[in-house]
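The values are calculated or read from the model by the stated rules, or taken from the named source; none is laboratory data. Just so it is clear, the model here is predicted, and its values are computed rather than measured. For neighbour counting, all protein chains shown are included, and Cβ atoms are generated from backbone atoms with ideal geometry for every residue, glycine included. Accessible surface is based on the protein model in full, side chains and every heavy atom, while ligands, DNA and RNA are left aside. Shrake-Rupley method; radii C 1.70, N 1.55, O 1.52, S 1.80 Å.
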2 protein chains.
Amino acid sequence: MKYNAHINVMPLKELLDPQGKAVNNSLHNLGLTNINDVRIGKHISLQLEAPTKDEAEKMAREACKKLLANPVMEAFDLTLAEG
Amino acid sequence: MKYNAHINVMPLKELLDPQGKAVNNSLHNLGLTNINDVRIGKHISLQLEAPTKDEAEKMAREACKKLLANPVMEAFDLTLAEG
């Protein structure tokens, strides 16, 4: 069975996000002054081949832990859909 | 009213995604050989202050078009929630 995984990897809330801060300031300079709290992370989409949804989720979590997210600085969330 | 916007900015399907390709290969090297079609983009979360949800969406789209996404190479999708 094929599954599509969508993974968001975001900087932890406790940490500064200098890229988000810079974009926040740029948006204000462009006149969009009602926008705040900009935070920027990664969005990863991938396709998995697994017998069950549980196994697909396990595999996606393993990919996040081993490679996609750095747990010292980032948190990830994961959604899976059949596809 | 405050709204939280979540924006995904992904490389267009027609374009190569060298970063995704590199991660795909690395996942295979780590033993996760059932993962394919890795594509990597940006996830942006931000907070908007707007009188209605429509106006909040309009503002978020403007931010995407003016700064967050490069339409030549990227597509964005947008979800809004009251917060």
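Would you work out the charge dipole size for region B:2-82 about its Cα centre, treating the Cβ of every Lys and Arg as +1 and the Cβ of every Asp and Glu as -1, and quote it to the nearest 20 debye? Provide the component values of the computation, followed by the final result.
On the way: 10 positive and 11 negative charges, 36 e Å.
With Lys and Arg at +1 and Asp and Glu at -1, about 180 debye.
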Seminar exercise, completed: Charge dipole of chain A built from unit charges on the beta carbon (Lys, Arg +1; Asp, Glu -1), centred at mean Cα; most positive-end Cα among A:Leu15, A:Ala69, A:Pro51 is A:Leu15
Seminar exercise, completed: If one compares the long axis through the Cα atoms of helix A:53-63 with the longest principal axis of the Cα atoms of chain A, the angle in degrees, nearest 10, works out at 50 degrees
Problem set entry | region A:27-63 residues near the modelled B:Asn36 label - backbone nitrogen below 17 Å, point 7 Å along Cα→Cβ | A:45-52, A:56, A:60
Exercise. If one takes the longest principal axis of the Cα atoms in chain A, at what angle in degrees, from 0 to 90 and to the nearest 10, does the Cα axis of helix A:18-29 lie?
Worked result: 50 degrees
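Any idea what the dipole of the protein assembly as shown comes to, in debye rounded to 20, about its Cα centre with Lys/Arg Cβ at +1 and Asp/Glu Cβ at -1? Working shown, then result.
On the way: 20 positive and 22 negative charges, 66 e Å.
Roughly 320 debye, rounded to the nearest 20.
At a probe radius of 1.4 Å, figure out the B/A buried accessible area, summed over both chains, and give it in Å² to the nearest 100.
Values: alone 6080 and 6070 Å², together 9590 Å².
Rounded to the nearest hundred, the buried surface is 2600 Å².
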For this session: Please report the relative contact order for chain B, taking Cα pairs under 8 Å with a sequence separation of at least 6, and give it as a percent rounded to a whole number.
Result: 52 percent
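With only alpha-carbon atoms in the gyration tensor, what are the semi-axes of the equivalent ellipsoid for the protein assembly as shown, in Å, largest first?
On the way: eigenvalues 184, 50, 47 Å².
Those come to 30, 16, 15 Å.
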Exercise. Top to bottom by accessible area (1.4 Å), largest first, where do B:Asp37, B:Asp17, A:Asp54 land?
Worked result: A:Asp54, B:Asp37, B:Asp17
Seminar exercise, completed: Phi angles of region A:35-42, converted by Karplus (6.51 cos²θ - 1.76 cosθ + 1.60, θ = phi - 60°) into ³J(HN,Hα) in whole Hz with x for Gly and Pro, give 9, 9, 6, 6, 10, 10, x, 10
